[in-house]
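Undergrad: Take this structure, written in structure tokens, and hold onto it; I'll ask about it next.
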Amino acid sequence: MSAPARPAPLLQVRDLRKHFTRTRGVVRREHEVVRAVDGVSFDVMPGETLGLVGESGCGKTTTGRAILRLVEPTSGSVHFDGRDLLALRGGDLRRMRRRMQIVFQDPFSSLNPRMTVGAIVREGLTIHRLAEGEAADRRVRQLLEEVGLRPEYAGRYPHEFSGGQRQRVGIARALSVEPSFIVCDEPVSALDVSVQAQVVNLLADLRRERQLAYLFIAHDLAVVEHIADRVAVMYLGHIVELARARDLYREPLMPYTRALLSAVPVPDPGAARERIILHGDVPSPAHPPSGCVFHPRCQHPAKDAACTQVVPPLEEKAPGHFAACIKVPAGA
Amino acid sequence: MAEPLLAIEDLRTYFYTAAGVARAVDGLSLAVAPGETVGVVGESGCGKSVSALSILRLVSPPGRIEPGSRILFEGRDLLALDERAMRAIRGRRIAMVFQEPMTALNPVFTVGDQVAEVARIHARASRAVAWKQAVAMLDRVGIPAPDERAREYPHQLSGGMRQRVMIAMALMMKPALLIADEPTTALDVTIQAQILELLAELQREYGMSVLLITHDLGVVAETASRVVVMYGGEAVEQAPVAALFAAPHHPYTRGLLAAMPRLGLLRERLQTIPGTVPAPTAWPDGCRFRDRCSSAWERCAAEHPPVYPIAPGHESRCHLAHEPARRDGPAAAGGRAVRA
Amino acid sequence: MSADGVDRARRAWARLSPGARAAAGVIAVFALASLLAPWLAPYRVGQQIDIVHLASLPPSWAHPFGTDRYSRDVFTRILYGGRVSLSIATLAVVVSATVGTLYGAVAGYAGGAVDTVMMRVIDALLSVPRVLMLIAVLALWSPVPVAALVLLIGLTGWFDIARLVRAQALALREREFVVAARALGAGPARIVRRHVLPNVLGPVIVAGALAVGNVIVLEAGLSFLGIGVHEPLASWGMMFQDATDQFVSAWWAVIFPGAAIVATVLAFNTLGDALRDVLDPRQLPGHAALEPPETAHG
Amino acid sequence: MGRRIGARIVQAVVVLWVVATLAFILIHAAPGDPFGYDAPSVTPAVRAHWRHLYGYDRPLGTQYVLWLRNLARGDLGYSVSMHEPVRDALANALPRTLYLMGVAVVASFALGIGLALFQVRRLGTRRARWAGAVALFFYSLPDFWLALVLLLAFAYWWPILPAGYPVDMVMHGYMAPWPAFVDRLRHLVLPALTLTLLTTAAVARFQRQELLDVLPLDFVRTARAKGLDERAVIRRHVLRNALIPTITLFGLALPALLGGAVFVEKIYAWQGMGWLAISAIGMRDYPLVLAAVLVGTAMVVLGNLVADLAYVAADPRLRVG
């Protein structure tokens, strides 16, 4: 995927899969395989933000966690800075965790209610022996300041903070071990608009100052457009489109991406727009449709029997613009 | 505006908690005309959901609607009705759709049962008749194979289908007013689009009024004819939808619009509103937004702003209406500089 | 306890109802009285004052709770009996809580097959009626030393606590702060110690308080059957056994030890209920009916 | 459904096997001689005969197999204190215990659920708080103490009820059907009341908590928004959901109930299993004690099995995947 002249990717994900076995029903027991992530490949360059968007259940959160090995991937490969993450065990894996961090969605459940904010931010320093005693205290204060919190707050408990402030604590915790890559898992979707903007700005500033790379997972397309360099769209465990943000939002190639973009309500009552309403629900990832997983809901005029049989590969249809649709011609 | 269907006058709903009196709704006034869709927007903690529950008098202790509040519906003050008369209105004249369709449905009854229950309460329909009506209603809200679906339990349906069931339940008695409290917040955008379209369609068909409560300005812009912006338990701005988005007057409304990331509108950084919503136990004196407002001056601390007319049908609770020269542009910039 | 623990305890105390504080007071009084029994008691423990003249006397100024058929002062025996009953109950619950917490935390945090097997074992153990089991074991070994009694009671009483802790740990495992700790590189031991155990402590304390009441009753019952505590020790349950034969003629020897048991157990249960209300994780600061400022729309 | 029942039955059998093994270990690890009865009629020759009869002179492994085989055949040994096979002694006692417990279970679940509903309907009122305090009080009472106090109160101080035994031991056999029936009832009142009061308190406390957990859920608000009156909201929507966990309480309450029955039977001379077990302790009649434990365990396992299946049947989320 990368041109020869470009620097080596920081993160290289190839054909990543995560299948869960789920037991349904007590009476009629069924074991079914849920293909939460079903063959996902992408790169993240140093300092780059890759947006990962999709509706609930599309596998975006599982992708983020599988990369960090917070859930064990079923198959595939993840290389970070050239090292095979899936081959790491025990202490090696724990050491590697310094380089990659995660910020969560839920500002209530992401902080241990029994620890002070200072202790939460300090934990990473202790685990990786980055600082002790006085030096650690100083570092914690510095980190809190950096995310826009008063250092005096280190002695307080999470419940004394608002949602936006808690998100800042979560960011400080991630920064404490000085990672070069952070998975931002819906970091602003639980926040109100005005606070959401504060946190998005903070993440953007930190990225610039620290040359951080983000995998920015979200369902809000507008937020992703604002922060991402490139965007990948997921549907039912697959990446169906991947392109530079500007290209993807201006000229989406996949019928799904188009429908998704057109469904976003716009705060402009007069705007003339053509809305594509998708019918039906997202199918269950335990029983994905054959061929193109999107075909039952697809409204592409050229949809035909081939769509139900051929699994469309993610192909480069235009320079740097990948789409998984057999009806989209190359060079579109 | 014609004789309103619903007129809320100086509604105050307080919660008497150990931490003090939380004035969740504190002086809200708004009106809904027959057949109209009014959008109520605001961030969490602004009192919009409590207002909705107050209309149906479903606020649970320690919450209480304070004396002096009035909710006029079809000419009667709901707050003066006895419980029996109020029950005859709930679900029949005023119906409600909630945010979380999973938890809002009873897990141990079939969805058909739950929809039919409304007809059994209000129309005294027999079991069989109510069931038939329920199936017809499920069909009307776009549930495929309603006969079979009616016999299923909520956990067997998808989120979108569950919300359709909620809507079917609400519309069984063809109410005059539908209160929809964040009806699409728990849903994905593509499903949200389906549900919003369904609501608009049903509203036209039944000629009912809709009070749509949401935090999403986009949803309001696309569905409402008039908008009420709430902050600190009261309405800070009301206007026809076009006017509000074209020329927002209140600094809070402006800040909200500026903070919202929009598709296709790339900015270097997002505008933010500094600080956080104050606690409902301690609204600031004077203007409740003044701590976060870049235009605030002495008067804002001294005097609680009254409702100023801005244009026909457009009102704002901001002293800037008197002294427009003091406005210093849209809400203050800067996220990093903001200290918690 | 750390400074933070003391602070939390203080805040919890401030939120307790008057009834619960009274219950804590009753427990404190009983604990102190039995601790200070040698100084408070008018007679020596087990002293038969005058078997001929002073047996089975009704309550009087000299003997506030009367005397039993061996002419022992009931009040004195209750003070000393409290020592036995309270310490057996407390120690047994400490055993139960420790075993149950560790077992539950491991099962819950490990999850999967380990959890399934560990919980099947608990299900099986829960099917054995505790009282019958204890009766059988104690009867076979009777008389058992007190330490063995404590261990037996403790080791048959940890299943509920284990289930409670396991359910909590299972839920905690999915909580994002635990995932965050893993992402930071924390190992399982650290996660259980720093993130799981502190968060299950509240429910364990509640269950422990209720269990103390339970065990006091249980030990009394076993002693009442003559297979619990043995002479020369006397627990409240044993006093009961001594006196039941004559409970029609000398009711005071039955009623007062019984009342001591009831008062103590009631106090522990009241306190347990109150602590549950205060420590309930479902009751977060603020009120559920109010949207927490700035967040929600989850 | 079949597979689940099958799996649960296998599990139940495993539990019984484990308990039987434990019992075997107990007998052999216990100090003293299991045939060391303190009875003048037991001569060393008789003792040796018993040892041989029950295979105590064979290797441990053989004994274990024999023990299990005998158990499987329902042969639980010979009870010296009762002078009959353990099986016969239990066959007489078990129905009495089941009768007493059955009455207590039905009465206490009905009363307990009713009391909890009362408290929740009148939440926050003085009467509800009193009801809660009364439940807590009875919950805190030792079973044997309550049994004795009731006995003292209603059989001695105010003697309106008989003091013990399931029936009048002397006269019952000569009574006409109706007086005999009344006699049975009069003897049942005190033991059943004791057990019911204690269990009612536990059920009420549990059920109240379950109701309170359901009450704030969203669907209750939906029911109110439909225009249902509060009675119907609680009866139909809240109670229906809150009763599901109570099914598990039935299974969990059985061991406690059985424990309570031991004391109640002892005090009221109700010749059921508990009474039998305790008499056996005094006589050092170990086979009888262990048999009582085994049968008690079997009862609980069976009760849990029923509760488990009922739970699945009651909760649509489990019934249909």
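The values are calculated or read from the model by the stated rules, or taken from the named source; none is laboratory data. Given the structure is predicted, the values throughout are model-derived calculations rather than measurements. Quick reminder, even Gly has a Cβ in these numbers, built from the backbone with ideal geometry, and neighbours come from all protein chains shown. For accessibility, only protein heavy atoms count, side chains too; no ligands or nucleic acids. Shrake-Rupley method; radii C 1.70, N 1.55, O 1.52, S 1.80 Å.
Undergrad: Explain nothing, just the number: dipole magnitude of chain D about its Cα centre with +1 on each Lys and Arg Cβ and -1 on each Asp and Glu Cβ, in debye rounded to the nearest 20.
TA: Result for chain D is approximately 1460 debye, rounded to the nearest 20.
Undergrad: Just to verify a number: FRET efficiency for C:Ala12 and D:Arg87, C-beta to C-beta distance, R0 = 56 Å, to 0.05?
TA: For C:Ala12 and D:Arg87, the calculated efficiency is 0.55.
Undergrad: How many percent of the accessible area of the protein assembly as shown is carbon or sulfur, using a 1.4 Å probe?
TA: 59 percent
Undergrad: Now a separate question. Could you provide, to the nearest whole Å², the per residue accessible area of the stretch D:90-320 with probe 1.4 Å?
TA: Per-residue value: 40 Å².
Undergrad: Per residue, how much accessible area does chain C show when a 1.4 Å probe rolls over the protein heavy atoms, in square angstrom?
TA: 42 Å²
Undergrad: Report, by chain and number, residues whose modeled amide H sits under 5 Å from the one on A:Ile102, excluding near sequence neighbours (fewer than 5 apart, same chain).
TA: It is A:Val183, by chain and number.
Undergrad: Could you sort out which of A:Lys60/B:Lys174; B:Lys48/B:Lys174; A:Lys60/B:Lys132; B:Lys48/D:Lys226; A:Lys60/D:Lys226 sit more than 30 Å apart by Cα distance in this structure?
TA: From the list (A:Lys60/B:Lys174; B:Lys48/B:Lys174; A:Lys60/B:Lys132; B:Lys48/D:Lys226; A:Lys60/D:Lys226), the Cα-Cα distance tops 30 Å for A:Lys60/B:Lys174; A:Lys60/B:Lys132; A:Lys60/D:Lys226.
Undergrad: Ignore the peptide's own chain and count Cβ atoms of other chains within 10 Å of each Cβ in D:244-254; give me the average, rounded.
TA: Averaged over the peptide's residues, the number is 1.
Undergrad: From the square roots a ≥ b ≥ c of the eigenvalues of the alpha-carbon gyration tensor of chain D, which class results: rounded (a/c under 1.5), prolate (a/b over b/c), or oblate?
TA: It is oblate, given that a/c is not under 1.5 and a/b is not larger than b/c.
Undergrad: How far is helix D:286-314 tilted, in degrees, relative to the longest principal axis of the Cα atoms in chain D, given as a value from 0 to 90 rounded to the nearest 10?
TA: Result, in degrees: 30.
Undergrad: B:Leu81 to D:Tyr156: FRET efficiency via 1/(1 + (r/R0)^6), r the Cβ-Cβ distance, R0 51 Å, to the nearest 0.05?
TA: 0.30
Undergrad: Pairing rule first: another cysteine's C-beta must sit under 4.7 Å. Under that rule, which cysteines of chain B stay single?
TA: For chain B, the answer is B:Cys46, B:Cys293, B:Cys318, because their Cβ atoms have no other cysteine Cβ under 4.7 Å.
Undergrad: Still on this model: Need one value for A:100-111: mean number of C-beta atoms belonging to other chains within 10 Å of its residues' C-beta atoms.
TA: Per residue, the number of nearby Cβ atoms from other chains is 5 on average.
Undergrad: Over all residues in A:222-234, what is the mean tally of Cβ atoms on other chains that come within 10 Å of each residue's Cβ?
TA: Neighbouring Cβ atoms belonging to other protein chains average 2 per residue here.
Undergrad: Between C:Val94 and B:Ala88, what is the FRET efficiency for a Förster distance of 60 Å, r being their Cβ-Cβ separation, to the nearest 0.05?
TA: Between C:Val94 and B:Ala88 the formula returns 0.55.
Undergrad: What's the total accessible area buried between chains B and D, using a 1.4 Å probe, rounded to the nearest 100 Å²?
TA: The B and D chains share an interface burying roughly 2200 Å².
Undergrad: For D:Tyr174, A:Tyr214, D:Tyr64, C:Tyr70, what's the largest-to-smallest order of accessible area, 1.4 Å probe?
TA: Correct descending sequence by accessible area is D:Tyr174, C:Tyr70, D:Tyr64, A:Tyr214.
Undergrad: With +1 on each Lys and Arg Cβ and -1 on each Asp and Glu Cβ, and nothing else charged, work out how big the dipole of chain A is about its Cα centre, in Debye to the nearest 20.
TA: My answer is approximately 700 debye.
Undergrad: Rounded, prolate or oblate: pick one for the stretch B:139-209, where a ≥ b ≥ c are the square roots of the eigenvalues of its C-alpha gyration tensor, a/c under 1.5 means rounded, and failing that, prolate if a/b is larger than b/c, else oblate.
TA: oblate
Undergrad: Oh, and also: Whole-Hz Karplus ³J(HN,Hα) for the stretch C:31-41, in order, using 6.51 cos²θ - 1.76 cosθ + 1.60 and θ = phi - 60°, x for Gly and Pro?
TA: Here the 3J(HN,Hα) series is 5, 5, 4, 6, 5, 8, 3, x, 8, 7, 6 Hz.
Undergrad: Dipole of the protein assembly as shown (Lys/Arg Cβ +1, Asp/Glu Cβ -1, origin at the Cα centre): which of D:Trp67, C:Tyr109, A:His300 lies farthest to the positive side?
TA: D:Trp67
Undergrad: Under 5 Å between amide H atoms, partner at least 5 residues away or on a different chain: which partners does B:Leu5 have, H built in plane at 1.01 Å?
TA: Amide H neighbours of B:Leu5, under 5 Å, 5+ apart: B:Val32, B:Ala33.
Undergrad: Could you tell me the total accessible area buried at the A-C interface, probe 1.4 Å, in square angstrom to the nearest hundred?
TA: Chains A and C together bury approximately 2800 Å².
Undergrad: Leaving out ligands and nucleic acids, and using a 1.4 Å probe, what accessible area per residue does the stretch A:145-230 come to in Å²?
TA: 24 Å²
Undergrad: Short version: which residues of the stretch D:300-321 lose at least 50 Å² of accessible area, all chains versus chain alone, 1.4 Å probe?
TA: D:Pro316, D:Arg317, D:Arg319, D:Val320, D:Gly321
Undergrad: Just C:Pro58, C:Pro188, C:Pro143 to compare: in a GNM of chain C, with alpha carbon springs under 10 Å, which one fluctuates most?
TA: Result: C:Pro188 has the largest fluctuation of those listed.
Undergrad: Determine, for each peptide in B:7-19, C:229-241, B:295-307, the mean count of other beta carbons within 10 angstrom over its residues, then list the peptides with the highest first.
TA: C:229-241, B:7-19, B:295-307
Undergrad: Express in Å², to the nearest 10, the accessible area of D:Lys266 obtained by rolling a 1.4 Å probe over the protein heavy atoms while all chains stay in place.
TA: 90 Å²
Undergrad: While we're looking at this one, here's another question. Solvent-accessible area of D:Arg240, probe 1.4 Å, all protein chains present, reported in Å² to the nearest ten, please.
TA: My reading of the accessible area for D:Arg240 is about 80 Å².
Undergrad: With unit charges on the beta carbon (Lys/Arg positive, Asp/Glu negative), name the residue among C:Ile78, C:Trp39, C:Val262 whose Cα is farthest towards the positive pole of the charge dipole of the stretch C:3-297.
TA: C:Trp39
Undergrad: I've got another one for you. Hey, in the GNM for chain C with a 10 angstrom Cα cutoff, which one of C:Ala148, C:Ala211, C:Ala263 fluctuates hardest?
TA: Result for chain C, Cα springs under 10 Å: C:Ala148 fluctuates most.
Undergrad: Right, next: Roughly how big is the D-C contact, given as buried accessible area in Å² (both sides, 1.4 Å probe, nearest 100)?
TA: 3900 Å²
Undergrad: Taking amide hydrogens as modeled 1.01 Å from N in the peptide plane, which residues meet the under 5 Å criterion relative to B:Val97, leaving out close sequence neighbours?
TA: Under 5 Å from the amide H of B:Val97: B:Ile179, B:Ala180, B:Asp181.
Undergrad: Helix hunt in chain A: which complete DSSP H runs extend at least 15 Å axially by C-alpha with mean Kyte-Doolittle at least 1.0?
TA: A:117-127
Undergrad: Then there's this: For chain D, find the longest principal axis of its Cα atoms and tell me its angle to the long axis of helix D:126-139, 0 to 90°, nearest 10.
TA: Around 10 degrees separate the two axes.
Undergrad: At a threshold of 8 angstrom on Cα-Cα distance, excluding pairs fewer than six apart, so keeping six or more, what relative contact order does chain A reach in percent?
TA: So the answer I get is 19 percent.
Undergrad: If you take the square roots of the eigenvalues of the alpha-carbon gyration tensor of the protein assembly as shown and sort them as a ≥ b ≥ c, do you get rounded (a/c under 1.5), prolate (a/b over b/c) or oblate?
TA: Here the protein assembly as shown falls in the prolate category.
Undergrad: Moving to a separate point now. By a straight-distance test (C-alpha under 19 Å), which aspartates and glutamates pair with A:Lys317 as possible cross-link partners, with residues fewer than eight away in the same chain excluded?
TA: Cross-link targets: A:Asp43, A:Asp229, A:Glu241, A:Asp247, A:Glu251.
Undergrad: How large is the dipole of the protein assembly as shown about the Cα centre if only Lys and Arg carry +1 and Asp and Glu carry -1, each at its Cβ, rounded to the nearest 20 debye?
TA: Taking the Cα centre of the protein assembly as shown as origin, the dipole is about 740 debye.
Undergrad: Going by average Cβ neighbours within 10 Å, how do the peptides A:319-328, D:18-27 rank, with the highest at the top?
TA: In decreasing order of mean packing, A:319-328, D:18-27 become A:319-328, D:18-27.
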